[in-house]
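What follows is a short report on a single structure.
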């Protein structure tokens, strides 16, 4: 190996640019206000325990008569779907003419440690669906289930098919035993009873740390090194901080529901293998005969495509559509491509089945 070659002048120029970036960035930081996510106006239409059911307000009245209820995962705040005005699945759906509702699960505390999947699916989700249906004089509504909320929505649609007109799943795990599912590998030998009995509720910070360690260099180092590149751009810096605020705003998980989800979904893979019951109600996915749109992200490291694609094999519908999105688990909501593709696809698909 020969001696390393470099241009001393280029090195000095780069150091000077870096120093100027830091100087300008320090000035920008002093001008920043607090950032918030959740950009779209909304009205609380139902409350129960920690849960709030919201209806979003668009600039124009909705054109589609059947509303869409977003069922998000428990592990993060649901407002990744409405991060900011120009990065909002919700706002884009409203612009397309959809009527959009969303379940905000809130922040479970020690009083909620015994909440089960039965409470969430046969209780909270069912009552929210009934509230939305009554408000519109309908027997069935559209459900958009996201990530873990998609798995919940699959269960709900199989137990209450008469309440679901169309089912949309986004980055939803169905097969939890695929070789590329790192989260699944972590949980297989886990003593979940000892874990939950010790902690009560599962701390959100602990869950978030697990997700960050899936890509430790990218998520713990690289993005902060890259932060220097935008440190002197107020708008880009606010976008970065807004995303960071969402990432680290992680609710605790109700202990019993977490126990059941790990045992029945990650460890026993019952959506694929069968034998799943939510409370006293068996889950028979072949009863999902309503139209299904399954959207997965091709570069998803949390829910790999191989975990989502098998949904087609377990449902009973003959009207099944797939959208393979070129992006990742978060990019499917906030990227420029997502703004152009995801909401219009959902709207067109729903309109064809109105």
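Every read-out reported here was derived from the displayed coordinates using simple, explicitly stated rules and does not represent laboratory data. Small disclaimer: the values here were computed from a predicted structure and weren't measured. Glycine also receives a Cβ, built like all others from the backbone with ideal geometry; neighbour counts cover every protein chain displayed.
The figures follow:
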read-out: Model label zone, residue 219; criterion: amide N under 16 Å from point 7 Å along Cα-to-beta-carbon; scope the stretch 75-117; value: 75-77, 80
read-out: Diffusion coefficient, µm² s⁻¹, Stokes-Einstein with Kirkwood Rh over alpha-carbon pairs of the stretch 3-139 at 4 °C and 1.567 mPa s; value: 70 µm²/s
read-out: C-alpha center-to-center spacing [the stretch 284-326, the stretch 125-140] in angstrom; value: 24 Å
read-out: The stretch 238-340 shape via C-alpha gyration tensor axes, a/c threshold 1.5; value: oblate
read-out: Anisotropy class of the stretch 169-325 from Cα gyration tensor, a/c 1.5 cut; value: oblate
read-out: Kirkwood Rh in Å, taken over all unlike Cα pairs in the stretch 42-351; value: 19.8 Å
read-out: Beta bridge orientation in the stretch 42-351: antiparallel %, DSSP, nearest 5; value: 40 percent
read-out: Least to most buried among 165, 50, 139 (fewest other Cβ within 10 Å first); value: 139, 50, 165
read-out: Rounded tilt (10° steps) of 8-31 against the dominant C-alpha axis of the chain; value: 50 degrees
read-out: Per-residue Cβ neighbour rank within 10 angstrom, fewest leading, 219, 102; value: 219, 102
read-out: Sequence of 209, 246 once ranked by neighbouring C-beta atoms within 10 Å, starting from the fewest; value: 209, 246
read-out: Crossing angle, helix 234-247 versus the chain [Cα axis fit, 0-90 degrees, rounded to tens]; value: 40 degrees
read-out: Per-bin percent of Cα-Cα distances, the stretch 130-192 [10 Å]; value: 20, 39, 24, 13, 4
read-out: Using alpha-carbon coordinates, inclination of helix 148-159 to the longest axis of the chain, degrees; value: 10 degrees
